[in-house]
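Here is the structure we will look at.
Just so it is clear, none of the values below were taken in a lab; they were calculated from the coordinates. Computed from a predicted model, the values in this text were never measured in an experiment. Cβ: placed from backbone, ideal geometry, glycine included. Neighbour counts: every protein chain shown.
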Amino acid sequence: LKLLAGRTKDALLPLGRTRCLRAGRTEGRLMGGNLSVLCSLAGTKHQPEFRGAIVLIEDVAEWSYRLDRSWTQLVSAGVFRGARGLVLGQWERCLPAGRAKHSARTVMESLADGLKIPCLAGAAFGHGKKNMAWPLGLRAELHASAGRLRLLEDAAQ
């Protein structure tokens, strides 16, 4: 991956076409992953700690009601307490459910707004064609209203 070869500090991560859900600017370590996997870790010694983090979330092949349930479980478990920012990725092959047929994207964007932290949606990560490796653990700056995520430190050589 060219992005992580050599100097990465101040590199802008290629987000693709994103939407700003909640404006703001924040800094934190990049953390996150697949929503269903993170949910399965809730209540275990492996439950993630997102305090001070910019959280990256995506999922694949789930019904929207299951995404809602997983998110609600994580919120109830306090997993997002203290998170500083949120970037929603792709919801590849996720299916709408219910009478209103709410899409996974609609459900997740509505739930994410409840955190009241800077948030971007539609970033190019997940299980789709537009997919990149993300440097989890590195400090970054999220500028949601500008649609920008910039690394604040170099990746280990």
Item to complete: List nothing, just return the count: lysine pairs in the chain, 8 or more apart or interchain, with Cα separation under 29 Å.
Response: 10
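Order these peptides, 107-115, 63-71, 18-26, by their mean beta-carbon neighbour count within 10 angstrom, highest first.
Working: 107-115: 17.9, 63-71: 19.4, 18-26: 16.3.
Top to bottom by mean Cβ count within 10 Å: 63-71, 107-115, 18-26.
Can you pull a Stokes-Einstein diffusion coefficient for the chain at 10 °C (1.306 mPa s), Rh from Kirkwood over Cα pairs, as a whole number of µm²/s? Please report the intermediate quantities before stating the final value.
On the way: Rh = 15.7 Å.
Estimated via Stokes-Einstein, D reaches 101 µm²/s.
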Response to the item:
The FRET efficiency for Tyr65 and Ser40, from their Cβ-Cβ distance with R0 = 25 Å and rounded to 0.05, is 0.90
Worksheet item: Roughly how tilted is helix 64-76, in degrees to the nearest 10 and between 0 and 90, from the longest Cα axis of the chain?
Response: 70
Worksheet entry | Cα radius of gyration and Dmax for the stretch 1-88 (Å) | 14.4, 42
Worksheet item: Using the alpha-carbon atoms, what tilt in degrees (0 to 90, nearest 10) does helix 104-113 show relative to the longest principal axis of the chain?
Response: 70
